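The values are calculated or read from the model by the stated rules, or taken from the named source; none is laboratory data. What you see is a predicted model; the values in this text were computed from it and never measured. So basically every Cβ, Gly included, is an ideal-geometry build from the backbone, and we count neighbours across all protein chains shown. Protein only, heavy atoms only, side chains kept; ligands, DNA and RNA dropped before computing areas. Shrake-Rupley method; radii C 1.70, N 1.55, O 1.52, S 1.80 Å.
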Amino acid sequence: MERIVKVARKEELPQIMEVLSQAKKIMRSSGNMNQWINGYPSDETILSDISKGAGFVVVDSGSNGSGHIAGYFAFVPSPEPTYAKIYDGQWLDDTLPYHVVHRIGSLPDVHGVFKSIMDWCFEKDPNIRIDTHRDNKIMQHNILKYGFSYCGIIYLESGDERLAYQKQSIRKSKQP
């Protein structure tokens, strides 16, 4: 089986929303009752990601070339307005451009999606920021396991608190 990351298309919205619905079930079963509530992320949010070229799907393809969407995420270039102020800590670097990864979701029976997403993201930008809810222990575990550093607390436009992380990788220069 091959796994690829590709730009999401609006025609894929039903499959993406099913992936995100399954991700919410994973959150709830692990005790995370307060993240992704009140209809978030909505169809409109995902369509907005897609229209900006920031929505991506993770596709697992079978040997016959057919594939199914196993994950979704948004990969958004800086600046992220809610990251302008960080509390009880600081960013690793607050001068370089970065990308933010938002709205990661995957199907419950598919493993390694977070790593696939991050490997792809770091091929595009060596400076990545991410945040998650205090109750999202699964995401915190994945973030730290991948080598991100905890940087502090940020607040969303709604006023909700999020734990913020950053990782910077060193790109290896190509030899002539």
* Structure fact -> Residues of the stretch 27-44 being of a type in the set (S, T, N, Q), open to solvent by 50 Å² or more (accessible area, probe 1.4 Å) and within 16 Å of D160 (Cβ to Cβ), in sequence order, are N34, N38
* **Any hit, the stretch 127-138, residues being touching a His at 6+ places or on another chain (Cβ under 6 Å) and more than 21 Å from N38 (Cα to Cα)** => yes
* Structure fact -> Expected single match for modelled with pLDDT of 95 or more and either open to solvent by 40 Å² or more (accessible area, probe 1.4 Å) or under 25 Å from K25 (Cα atoms) (or both) among R134, R171 is R134
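Per-residue answers, yes or no, for (1) at pLDDT below 95; (2) open to solvent by 50 Å² or more (accessible area, probe 1.4 Å); (3) of a type in the set (A, V, I, L, M); (4) assigned to a helix (DSSP H, G or I):
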position: H111; (1), (2), (3), (4): yes, yes, no, no
position: S116; (1), (2), (3), (4): no, no, no, yes
position: Q140; (1), (2), (3), (4): no, no, no, yes
position: I154; (1), (2), (3), (4): no, no, yes, no
* Structure fact -> Across (1) over 25 Å from H133 (Cα atoms); (2) not in a strand (DSSP E or B), V59 clears everything bar (2)
* Asked: Picking from D125, D160, which residue would you name as being out of contact with any Leu (no Cβ under 8 Å at 6 or more places or on another chain) and surrounded by fewer than 15 Cβ atoms within 10 Å (Cβ to Cβ)?
  -> D160
* Evaluation of G105 against (1) surrounded by fewer than 21 Cβ atoms within 10 Å (Cβ to Cβ); (2) among the small types (G, A, S); (3) closer than 18 Å to Q140 by Cα (one fails), failing number -> (1)
* Return the only residue of A8, A54, A74, A23 being over 19 Å from T132 (Cβ atoms) and crowded, with 19+ Cβ neighbours inside 10 Å. => A8
